[in-house]
Amino acid sequence: MVVECQGLSKHFGRTVALNNLTFSIKKNAITGLVGANGAGKTTLLKILAGYLRKTAGEVRVFGERPFNSLKVAANTIFIDDNLALPATLSIAEILEAGRLFYPGWDHGLARRLFDYFSFNPRQLHKNLSKGKRSTFNMILGLSARSVLTIFDEPTVGMDAAVRKDFYRALLQDYLQHPRTIIISSHLLKEIEDILEEILLLREGQKRLQLSASALREYALGLRGEEALVKRFIAGREVYRREHFGKNSLFVVLRNSFSAAERHKARAAGLEIMAVSAEDLCVYLTSKGGRGIDDVFNRN
Amino acid sequence: MVIFATDHGKPIYLQLAEWLEKEILSGNIAADERIYSQYQLAEMFNINPATAARGLNILVDEEILYKKRGLGMFLSPGAVAMIKKRRRKQNLERLVRELVEEARLLNISRAELGELIRGAHRGEKGEKQ
Amino acid sequence: MMSLTEISLGTVVKKQYIFKLRSYANLYVSLVITQLIALLFTIGGMVIENRGIGWNNIFLEVKFYSSLGIFIFTVFWILIYSFILPFPSYRYPDFSFVTNRVSSNMANMGFLITAAIAGGVTVTLGSLLVRNIIYYIGGNEGILSSNFWVSGGDLFTSMAVGSLYLLLLGTIGYFLGILVQLHRSLYLILPAFILGLLIYAIYAARTNPGLVSQPILFFVQEEAPVLFILKIIGSVLLLWLGATILSNRVELR
């Protein structure tokens with residue numbers, strides 16, 4: 001295990017950003033950290049990178065507390081939208097700084113990506129557009145070849161083509177140089193394919209951690225006549241409930257039905273459908289399973 | 001990821017297993033030939049290698065593939081027959097069941113349904129000519 | 001498969017130091033500009049006394065030139081730079097690469113030492129330049145100072161003493177810079193506090209001169225070179241240690 005957290009909490013004044021979080025992250029796997037805005041993703045990653053101090057609980061990266069650990073610093077790179085770099089250095093000089101600091105730095109890769117995305121080596125980092133800055137930060141993150149590589153919302157501002165390139169580059173480099181990668185996003189759809197594990201946060205707490213390939217089977221949707229649906233779901237946790245049409249009900253719930261139960265549901269006229277990973281994550285991470293429609297239905 | 005356009009929402013490793021079966025059925029891989037590694041598949045389909053491994057392992061569990069320690073996975077000699085047999089049981093029989101149910105809902109007689117199937121066969125042959 | 005790298009504090013500090021020298025090379029450009037401005041003041045208008053005495057058609061004009069102006073400008077330069085060195089835009093980039101809070105503080109100290117030496121050397125060279133300009137422009141007839149001609153040993157002493165003072169002041173600036181990072185409110189409190197201290201010092205200078213002069217005399221009156229160096233280095237170390245302890249638990253962003 002590269003990362004281990006035990007009852008980890010983080011408070012900012014009276015705000016609770018992380019609340020009693022216990023999980024671990026597998027070595028040499030790509031883990032996706034997913035959750036709505038404000039779920040605590042960035043706070044968690046900053047604690048792992050040694051930027052922030054924990055308030056309570058235990059956090060270990062490579063077996064050490066990350067805050068002020070040189071071992072963690074030397075083997076970790078943390079890339080996010082606010083990456084701080086000297087305003088005086090050109091982007092080519094920043095790559096040189098990367099070469100100076102990171103033992104596994106691959107300058108050839110850095111140069112090839114630099115050329116592919118047609119960067120002007122003399123440009124200053126602060127003068128890059130939002131999308132270009134994200135792209136440059138990504139180059140830094142990949143070329144460092146850190147044992148623990150953390151990307152926090154890495155594709156902010158990138159256009160669709162560059163996003164695709166980024167995830168392709170990330171996977172290719174990972175296949176050639178397997179390492180522990182944590183990547184956070186609120187767009188699961190984008191990262192789902194390349195993930196091995198998913199850690200889902202909601203309001204500072206762990207909602208779910210499972211293998212990414214299991215996510216599409218984790219839940220199912222049930223649609224049909226309201227009374228019928230209600231009978232079938234009695235006693236089960238419902239992630240999402242939507243009324244529509246003439247007394248029709250659509251629910252999303254844990255896929256724990258046996259084949260016989262499923263057959264019975266179909267025979268009774270209920271529709272059973274797969275729930276996409278993305279939709280499921282939205283349902284799982286929304287507050288109390290509410291949807292936007294609840295704002296408008298005040299009955 | 002969607003390997004087949006109709007597979008939206010289906011687990012990737014299942015899609016991958018089906019794609020591999022299709023490759024095997026179409027004769028692209030000979031008996032006892034080495035099949036793609038999880039890393040090759042990961043690169044081909046832009047998916048995590050662990051997901052690719054899960055797809056491969058389905059075929060290993062069904063003995064369509066066999067493992068050689070340190071060498072990779074190879075196609076079992078009886079693979080094509082096994083896939084055909086299972087697909088017939090799983091896919092074809094399910095589809096027929098659904099077809100019959102739908103026909104019943106639409107009040108289509110057995111004779112009419114048989115005619116539709118024969119028509120579909122003819123249409124397919126017609127396209128081939 | 002990647003293996004974990006074990007890295008020593010010394011290696012990280014060295015890399016951080018190189019990184020800082022590369023990143024903040026513009027510091028030296030600003031040093032040169034600062035000193036050129038000071039030089040202009042010195043040559044042009046920093047005539048401390050200009051007395052004309054008319055007596056029996058003899059007119060005597062006495063001009064005092066001093067390279068103190070260059071030193072004072074350089075002091076401001078190092079105070080400003082050392083004060084902003086702990087600010088986020090200079091501190092956070094360290095953490096974007098490899099560091100912890102101790103190595104970051106150590107590298108900053110190395111950077112300050114380099115700046116102080118650069119300052120001490122250029123101030124001395126600047127005073128030589130002033131002498132030259134006076135000699136060639138002002139004429140060499142009426143130079144009334146035994147201090148005008150300096151030996152190589154004097155130059156070295158001047159560089160060393162200048163550097164040590166700049167280092168001390170730079171470390172004070174750095175310490176204050178760290179202090180205001182601790183809490184947002186200190187941005188407001190600290191300038192007010194320093195202003196208050198100055199006003200108090202002016203007031204106290206009249207009633208209790210020792211209180212104000214003692215700390216300054218502690219350094220200035222020391223005549224034994226070794227003791228002087230020890231006093232400076234000791235104070236610098238204490239301030240640096242204080243800055244490191246204060247900043248060792250500070251979070252980023």
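The values are calculated or read from the model by the stated rules, or taken from the named source; none is laboratory data. The model shown is predicted, which means the values in this text are computed figures rather than measured ones. No Cβ is skipped: glycine too gets one built from the backbone with ideal geometry, and neighbour counts run over all protein chains shown. When the accessible area is computed, the model is the full protein with side chains, heavy atoms only, and any ligands, DNA or RNA have been set aside. Shrake-Rupley method; radii C 1.70, N 1.55, O 1.52, S 1.80 Å.
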Taking the chain alone as reference and the full protein assembly as comparison, with a 1.4 Å probe on protein heavy atoms only, the residues of the range C:228-248 that lose at least 10 Å² of accessible area are C:N248
Using heavy-atom solvent-accessible surface (probe 1.4 Å) with all chains present, what is the largest-first order of A:D279, A:D293?
A:D293, A:D279
With the Cα gyration tensor of the range B:12-77 in hand, give its eigenvalues times 5 under a square root as the equivalent ellipsoid semi-axes, listed largest first in whole angstrom.
17, 13, 11
24 Å Cα-Cα reach of A:K246 towards lysines, excluding residues that sit fewer than 8 places from it in its own chain
A:K230, A:K264
Output row A,B: buried area (accessible, probe 1.4 Å, summed both chains) in Å², nearest hundred, equals 1500 Å²
Alpha-carbon centroids, the range A:5-53 and the range A:183-224: separation in whole Å
16 Å
Find the accessible area per residue for the protein assembly as shown; the probe is 1.4 Å, ligands and nucleic acids are left out, and the unit is Å².
53 Å²
One quarter of the convex hull surface, Cα atoms only: what value does that give for chain A in nm²?
18.6 nm²
Filter the cross-link list A:K41/C:K15; A:K27/A:K71; A:K132/C:K14; A:K130/A:K189; A:K126/C:K14; A:K27/B:K10 down to pairs whose alpha-carbon distance in this structure exceeds 24 Å.
A:K41/C:K15; A:K132/C:K14; A:K126/C:K14; A:K27/B:K10
Using alpha carbons only: equivalent-ellipsoid semi-axes of chain C, gyration tensor based, whole Å:
40, 23, 17
Leaving ligands, DNA and RNA out of it, rank C:M109, A:M1, B:M82 by accessible area with a 1.4 Å probe, largest first.
A:M1, B:M82, C:M109
Taking R0 as 60 Å, what FRET efficiency do you get between A:D81 and B:L113 from their Cβ-Cβ distance, rounded to the nearest 0.05?
0.50
Note down, for the range C:137-253, the three equivalent ellipsoid semi-axes (square root of 5 times each alpha carbon gyration tensor eigenvalue), biggest first, whole angstrom.
35, 21, 16
Base-10 log of normalised Debye intensity for the range A:135-207 (one unit scatterer per alpha-carbon) at q = 0.13, 0.22 Å⁻¹
-0.38, -1.06
For A:D165, what accessible area in Å² do you get when you roll a 1.4 Å probe over the heavy atoms of the protein chains, rounding to the nearest 10?
50 Å²
With r as the distance between the Cβ atoms of C:R22 and C:F193 and R0 = 45 Å, compute the FRET efficiency 1/(1 + (r/R0)^6) and round to 0.05.
0.80
Relative to the compact-globule estimate 2.2 N^0.38 Å (N residues), the Cα gyration radius of chain B stands at a ratio of 1.31
May I ask you to derive the relative contact order of chain A, considering only C-alpha pairs under 8 Å and at least 6 residues apart, and to give it as an integer percent?
20 percent
Cβ-derived FRET efficiency at R0 35 Å, A:A214 paired with A:Q172, nearest 0.05:
0.90
Sort all Cα-Cα distances of the range B:80-122 into consecutive 5 angstrom bins from zero, then give the percent of pairs in each bin up to the one containing the longest distance.
5, 21, 20, 21, 17, 10, 4, 1
Which percent of the accessible area of the protein assembly as shown is formed by carbon and sulfur heavy atoms (probe 1.4 angstrom)?
59 percent
Between the range C:179-240 and the range B:46-122, what's the alpha-carbon centroid distance in Å?
85 Å
At least 40 Å² of accessible area lost relative to the chain alone, listed for the range C:96-119 with a 1.4 Å probe
C:S96, C:F97, C:V98, C:N100, C:R101
Among the GluC sites (Glu not before Pro) in the range A:208-299, which ones are in a DSSP loop with at most 11 other Cβ atoms within 10 Å of the Cβ? Mind listing them?
A:E237
For chain B, which longest stretch is free of loop sites, where a loop site is one of the GluC sites (Glu not before Pro) that DSSP puts outside H, G, I, E and B and that has at most 11 other Cβ atoms within 10 Å?
B:64-129
Ignoring ligands and nucleic acids, chains C and A bury, in total, an accessible area (1.4 Å probe) to the nearest 100 Å² of about 3400 Å²
Hydrodynamic radius by Kirkwood, which averages 1/r over all alpha carbon pairs of the range A:8-148, in angstrom:
16.6 Å
Looking at the P(r) of the protein assembly as shown, how many percent of alpha-carbon pairs lie beyond 44 Å?
45 percent
Using only alpha carbon pairs under 8 Å that are at least six residues apart, calculate the relative contact order of the range C:147-253 and give it in whole percent.
42 percent
For a label point 7 Å along the Cα-to-beta-carbon line of C:S30, residues of the range A:106-128 with backbone N under 20 Å:
A:124-127
With every protein chain present, what accessible area does A:T42 have (1.4 Å probe, heavy atoms only), rounded to the nearest 10 Å²?
50 Å²
Long-range amide H partners of B:I35, meaning residues 5 or more apart or on another chain whose placed amide H is closer than 5 Å, are B:M73, B:F74, B:L75
